[in-house]
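Asks: Before anything else, here's the structure in question.
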Amino acid sequence: MSPLADLPALPRRVAAAEPGWTETTDVVVVGSGIAGLTAALHLREQGLHVTVVTKVNIDDGSTRWAQGGIAAVLDPLDTPQAHAYDTEIAGVGLCDPEAVRVLVEEGPARIRELIRRGAEFDRNPDGSLMLTREGGHRADRIVHAGGDATGAEVQRALHEAVHRDPWIRLVEHALVLDLLRAADGRACGLTLHVLGEGSEDGVGAILARAVVLATGGMGQIYSSTTNPSVSTGDGVALALRAGAEVTDIEFVQFHPTSFVSGTVNSVQRPLISEALRGEGAYLVDETGTRFMVGQHELAELAPRDVVAKGIYRVLRSTGADHVYLDARHLGKEFLEHRFPTIMASTRSAGIDPATELIPVAPAAHYASGGVRTDLHGRTSIPGLYACGEVACTGVHGANRLASNSLLEGLVFAKRIADDIGTEPPAQAEPVSDSAGPGWVADPAIRAELQRAMTRGAGVLRSADSLAGAAKELSRLAEHRSRPNTAAWEATNLLTVASVLVANAQTRRETRGCHWREDHPTAADEWRGHLLDAIGTDGLLTQKFEEMA
């Protein structure tokens, strides 16, 4: 692999105080969304003691924000093969067929398992699961809860299941810093900073026989995202600093319909679920014209990259900052019953979908790439696993199919637990890190970084825009700081943003959610994956791996 020019050197560890406390567990799981909590529960079934580390509170990740549902083959007329077909079409040639097969075949069992853990999904009068459809699906296979509050219900059920188990230890308000390695290179724990009083105040270390990353996404590298403020790419950045490979980072999915409101000023934008379009709402421009008709056979229910691009073309041609979602014809009673979360969110901002058009625009939503794993969640570092949005299992390819994300977390969390439980390694002692003293970025760069990424590496990209983003990231990397939580987050954002820009510069084609206006078509020579790592000198390295 060769180093890339015009991008900053990146830290191979972050500056931090030496650990002032240490504790030991069998497995440490980083993250408390659907992937992390499911992994913890399955690891307990293997008889292992588990420590779950979460950045703020147990319910503050992305899972609870998921509205639409979970995709799985639960209708007798549906088939795993049909689900796989839709997944691979959305992934535009970059899905790993074996990973997709695992997802669609094992998914239904994981849904039933989730129900046994207490998740209550919406049901028809006869007691059968109520199924709906979302973009890219050619069958009704989305289970949902509370109308459009699926994530909140899943999080509730898993949260309660975890709290019932006294051998799952939860450490909240904890930001992971760096991976600990044994003499043979195996992951044997991590360092972290815990806010609070007592012996856990400040930097400490958790030693473990295996480490599972389930830290979620990195949407906070952009000025507008559906992700919560905690989604700063911490797991991907930690893995990179440790020497793990990451892949497909350029494929960031922009959800077509985030809510645009003058009263919503934060980076995180409310999501308007794709399920609303699945139930019959449609997109219109400022003249009331349905612009997706004729662009794709599924119109508003085309894969998300297609719809986001369709909206962006309208915005470029009109100069507006939003288009509209029209759900008025669905009726007040139906909307309030099926989409109570959306109705409450929009009405609080002065928009009533029963009588008014909903202003929407694309916002960064989901990272299809991440830390590269195999079918058992193993990364390129022995003892380090990843699942959920932080991972790249090969399921999503160049563009995630709607509602496959929660399913992926369920399926691969179980596989990770099975792999660790088969023959758990002995606890090893960490060796001293030879990567140098480390450094952290100035927290003040965060807003500038978000603006630079939105301008240069957002929905639409080009050689010129990406070069501008790379130059800006290099400038921002010169601003350093003393270690603190905001500085560690800024460093993680800088790290993942640099990898994204590097891959987007290299991939000279348009595929899935990577859109290069100077290379507007997909090219066979780019049917493969860009793999990234940080070299010993801190420079980013990259190689291309063709698909078989």
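Asks: The conditions are (1) out of contact with any strand residue (DSSP E or B) (no Cβ under 6 Å at 6 or more places or on another chain); (2) among the aliphatic types (A, V, I, L, M); (3) assigned to a helix (DSSP H, G or I), and ALA183 fails exactly one of them. Which is it?
Replies: Of everything listed in (1) out of contact with any strand residue (DSSP E or B) (no Cβ under 6 Å at 6 or more places or on another chain); (2) among the aliphatic types (A, V, I, L, M); (3) assigned to a helix (DSSP H, G or I), ALA183 misses just condition (3).
Asks: Out of all the residues in segment 330-342, which are part of a helix (DSSP H, G or I) and under 21 Å from VAL260 (Cβ atoms)?
Replies: LEU330, LEU335, PRO340, THR341, ILE342
Asks: Applying the selection to segment 458-504, what residues are among the aliphatic types (A, V, I, L, M), over 12 Å from ILE445 (Cβ atoms) and in a helix (DSSP H, G or I)?
Replies: Hits for segment 458-504 are ALA463, LEU466, ALA467, ALA469, ALA470, VAL496, VAL499, LEU500, VAL501, ALA502, ALA504.
Asks: Something else: Read through the list (1) surrounded by 15 or more Cβ atoms within 10 Å (Cβ to Cβ); (2) in contact with a helix residue (DSSP H, G or I) (Cβ under 9 Å, 6 or more places away or on another chain); (3) touching a residue at least 60 places away in the same chain (Cβ under 8 Å), then give the number of the only condition that ALA522 fails.
Replies: Every condition holds for ALA522 apart from (2).
Asks: Of the residues in segment 139-180, how many are in contact with a helix residue (DSSP H, G or I) (Cβ under 8 Å, 6 or more places away or on another chain), assigned to a strand (DSSP E or B) and either free of Cβ contacts under 8 Å to residues at least 40 places away in the same chain or under 15 Å from VAL29 (Cα atoms) (or both)?
Replies: Residues in segment 139-180 being in contact with a helix residue (DSSP H, G or I) (Cβ under 8 Å, 6 or more places away or on another chain), assigned to a strand (DSSP E or B) and either free of Cβ contacts under 8 Å to residues at least 40 places away in the same chain or under 15 Å from VAL29 (Cα atoms) (or both): 8 in total.
Asks: Can you find a residue in segment 459-469 that is surrounded by fewer than 17 Cβ atoms within 10 Å (Cβ to Cβ) and in contact with a Gly (Cβ under 6 Å, 6 or more places away or on another chain)?
Replies: Yes, some residue in segment 459-469 is surrounded by fewer than 17 Cβ atoms within 10 Å (Cβ to Cβ) and in contact with a Gly (Cβ under 6 Å, 6 or more places away or on another chain).
Asks: Further question on the same structure: Going through THR491, THR485 one at a time, which residue ends up being hydroxyl-bearing (Ser, Thr, Tyr), assigned by TED's automatic domain parsing to the domain that holds SER462 and surrounded by fewer than 23 Cβ atoms within 10 Å (Cβ to Cβ)?
Replies: THR485
Asks: Being among the aliphatic types (A, V, I, L, M), part of a loop (DSSP other than H, G, I, E, B) and crowded, with 17+ Cβ neighbours inside 10 Å, is that true of even one residue in segment 82-105?
Replies: yes
Asks: Please enumerate the residues belonging to segment 216-241 that are in contact with a His (Cβ under 8 Å, 6 or more places away or on another chain) and either surrounded by fewer than 24 Cβ atoms within 10 Å (Cβ to Cβ) or part of a loop (DSSP other than H, G, I, E, B) (or both).
Replies: Matches in segment 216-241: THR226, ASN227.
Asks: Sticking with this one: Taking THR536 as the residue in question, decide whether it is over 22 Å from VAL267 (Cβ atoms), of a type outside the set (Gly, Ala, Ser) and surrounded by fewer than 16 Cβ atoms within 10 Å (Cβ to Cβ).
Replies: When the stated conditions are applied, THR536 passes them.
Asks: Within the bounds of segment 418-439, is there any residue that is out of contact with any Phe, Trp or Tyr (no Cβ under 9 Å at 6 or more places or on another chain) and surrounded by 24 or more Cβ atoms within 10 Å (Cβ to Cβ)?
Replies: Checking segment 418-439: not a single residue is out of contact with any Phe, Trp or Tyr (no Cβ under 9 Å at 6 or more places or on another chain) and surrounded by 24 or more Cβ atoms within 10 Å (Cβ to Cβ).
The values are calculated or read from the model by the stated rules, or taken from the named source; none is laboratory data. Keep in mind it's a predicted model, so treat the numbers as computed, not measured. Please note: Cβ atoms are built from the backbone with ideal geometry, for glycine as well, and neighbour counts cover all protein chains shown.
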